[in-house]
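Working notes, beginning with the structure itself.
The values are calculated or read from the model by the stated rules, or taken from the named source; none is laboratory data. Everything quoted here is computed from the prediction, not taken from an experiment. Here the Cβ positions follow ideal geometry from the backbone for every residue, glycine too, while neighbour counts run over all protein chains shown. Just so you know, the surface numbers come from the protein's heavy atoms only, side chains and all, with ligands and any DNA or RNA stripped out. Shrake-Rupley method; radii C 1.70, N 1.55, O 1.52, S 1.80 Å.
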Amino acid sequence: GHIWVGTKEHGLGHYIEDQDRFEYFYLKNPSPDDVSKRGPVVVSDIAIDRQDPNILWLSGYDGLYAFDKKQKIFERHAYYAAESKKQITPFLAVETDFTSQIWLGTWSDGLVSFDKNTKTFESYPYHDADVPNTTRYQAIDVKSLNDTTLYLASRNAGLLSFHKRTHTIHSLLTNDMLPDGSSGIDIQQISITPDAGVFIGGNYYLYQQHA
């Protein structure tokens, strides 16, 4: 079988169809201090490498992982918060495209990218962030719309678009667009379908954007 799942306590799970069971893979950290507060084996999201289908990219609470499905081995890359070089930033979402960039969502540092060639991270501030006087925002889901655009689910900052070449961020769906009486837009999930367009999951509504 080719069903892979992220788990909270057991790392990466692989369903073996003919045996009707899961096998689990995770990389044990060399030091208990080298993990985020949320734990070392939480896999929050999975994306297939578009250039090498044998590689899975996993967003974890203690870093970004590349998992080789043939060799069954991990490569881990930790991203440290700008305020404290000792605290690992948990990743909530991961997305790939046909470039060398891996796109990651975080709880408070917004969108982060990882370059597979240089093995470096880069963050992208949003100057209209929900938190006053900061550039901090949430990106709890990330989806690649096309060669130039990412969509970001940014909770109460709404649905954001990110231009991959100019690195500019714009709002597409905000709380001001909701009907009167709605308390918060709370965009949490994005689904891109080949036929029905883009679906956006919020706190009160499901939104559809037609192609």
Just to be sure, is PRO30 within 24 Å of THR99 (Cα to Cα), at pLDDT below 95, loosely packed, with under 11 Cβ neighbours inside 10 Å and over 18 Å from the mean Cα position of the chain (by Cα)? no
How many residues are at pLDDT 95 or above, part of a loop (DSSP other than H, G, I, E, B), surrounded by 13 or more Cβ atoms within 10 Å (Cβ to Cβ) and of a type in the set (Lys, Arg) if we restrict to region 101-156? 1
Pairs only if they're at least six apart or on different chains, beta carbon under 8 angstrom, first in region 13-24 and open to solvent by less than 80 Å² (accessible area, probe 1.4 Å), second small (Gly, Ala, Ser) and not in a strand (DSSP E or B); list them, first residue then second. HIS14/GLY1; TYR15/GLY1; ILE16/GLY1
Determine which single condition ASP52 fails, assuming it passes every other condition in (1) at pLDDT 95 or above; (2) open to solvent by 50 Å² or more (accessible area, probe 1.4 Å); (3) in a strand (DSSP E or B). (3)
Limited to region 164-187, what total is found for residues that are under 18 Å from GLN209 (Cα atoms) and not hydroxyl-bearing (Ser, Thr, Tyr)? 11
Restricting to region 60-100, and then to whatever is in a strand (DSSP E or B) and of a type in the set (Val, Ile, Thr), can you tell me which residue is surrounded by the fewest Cβ atoms within 10 Å (Cβ to Cβ)? ILE73
Can you tell me which residues in region 178-211 are in contact with a helix residue (DSSP H, G or I) (Cβ under 8 Å, 6 or more places away or on another chain) and at pLDDT 85 or above? ILE185
In region 90-147, anything free of Cβ contacts under 8 Å to residues at least 40 places away in the same chain and under 20 Å from TYR61 (Cβ atoms) is listed as THR106, TRP107, SER108, ASP109, VAL112, SER113, ARG136, TYR137, GLN138
Restricting region 157-177 to residues that are assigned to a loop (DSSP other than H, G, I, E, B) and open to solvent by less than 20 Å² (accessible area, probe 1.4 Å), the one modelled with the highest pLDDT turns out to be GLY158
Inside region 183-211, can you point out the residues that are assigned to a loop (DSSP other than H, G, I, E, B) and not aromatic (Phe, Trp, Tyr)? SER183, GLY184, ILE185, ASP186, GLN188, PRO194, ASP195, ALA196, GLY202, ASN203, HIS210, ALA211
